[in-house]
1. If each residue of separation counts as 0.36 nm, what is the full-extension length gain between Thr252 and Ser174 once their alpha-carbon separation is subtracted?
2. Using a Förster distance of 30 angstrom, determine the FRET efficiency expected from the C-beta separation of Asn60 and Ser32, and round it to 0.05.
3. Using θ = phi - 60° and the Karplus form 6.51 cos²θ - 1.76 cosθ + 1.60, what ³J(HN,Hα) does each residue of the range 240-251 get, whole Hz, x for Gly and Pro?
4. Pairs to check: Lys98/Lys184; Lys75/Lys187; Lys75/Lys129; Lys75/Lys189. Give those whose C-alpha atoms are more than 23 Å from each other in this structure.
5. Please list the non-local residues whose amide H lies under 5 Å from the amide H of Val205, H modeled 1.01 Å from N, same-chain partners needing a gap of 5 or more.
6. Heavy atoms only, probe 1.4 Å: what % of the accessible area of the range 125-263 goes to carbon and sulfur, would you let me know?
7. Take the Cβ-Cβ distance between Thr143 and Asn77 as r, set R0 to 30 Å, and report the resulting FRET efficiency rounded to the nearest 0.05.
8. How large is the dipole of the range 138-263 about the Cα centre if only Lys and Arg carry +1 and Asp and Glu carry -1, each at its Cβ, rounded to the nearest 20 debye?
Amino acid sequence: MKKISYFSLVCLIPIVFSCSSDDSSGSETNFSTPLTTGSYWTYDVVGEAGTTRDSLFVANDTTIGSNVYKKFKTKNNIATGFYSSSLRNNGVRESNGKLLLSGDLALASGQNLPINLDLTLTDFVIFNKNASNNQALNSSPKTGTINEDFNGYPLTINYSLQSFAGETLATYSSPDGTVYSNVKITKIKLNASIATLISGISIPVLANQEVLVSTQYIADGIGVVYTNTVTSYSLNALAASELGIPASNSQTLEEFLDTHVIN
């Protein structure tokens, strides 16, 4: 089996999730998240490999099941940041102040996890303008279990994906110095645990932990203006040695809005 890439704790056996979203807990908020066809955003993506550039745009309407979504695409079908990767070729629709994503959540090439996962999502809530701070945005996390063989060792992988509302900021200064007004924060968190059998004994390879946290800053009338995504893990040292995997790793990927046009 090929080596497990890290930000693929989101890319292996297609698992279709059906998601029912939470009801809004707050009053209706005057906050716009543009989804008009032809709108586009360019991002400078900064990571360990250097700086790259993503161009994300709303391409067209697409029907998934009984609902109409806006389909997002990227220039030349390339995305290096978490945010652009998560929207690329997927559908997003707005309902009662929530943004619902349907499609495959893919991880950017620069993000590495010690396992491969594939999350196929249906109406997964990625943003709710009326949610309160720390509120979970989906009625339950997206969960799954994968059994696979890695270098002759059987792995049992359990994972869950959930999004959370963050603070609302009257003004926000991005790390690049750009100041935005009326900004809401949302977080996407991926938790995972891994166990294996070594000499007939069950060994915890990865204790349940947050392996990915993506914090996104969304400005009124603009969309996402800055994203900070951290992928990290800490493995059982003995298991890591047996499997030939680094015992720990941590990477940070930042996405800075450069230009945008809202139609």
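The values are calculated or read from the model by the stated rules, or taken from the named source; none is laboratory data. These figures come from a predicted structure and were not determined experimentally. Every residue, glycine as well, gets a Cβ built from its backbone with ideal geometry; the counts of neighbours run over all protein chains shown. Accessible surface areas use protein heavy atoms only, side chains included; no ligands, DNA or RNA. Shrake-Rupley method; radii C 1.70, N 1.55, O 1.52, S 1.80 Å.
1. Length gained, Thr252 through Ser174: 26.5 nm.
2. Working from the Cβ atoms, E equals 0.90.
3. 4, 5, 5, 7, x, 10, x, 5, 7, 6, 8, 9
4. The answer is Lys75/Lys187; Lys75/Lys129; Lys75/Lys189.
5. Those qualifying (amide H under 5 Å, at least 5 residues apart or on another chain) are Ile194, Ala195, Thr196.
6. Its accessible area is 49 percent carbon and sulfur atoms.
7. 0.55
8. 300 debye
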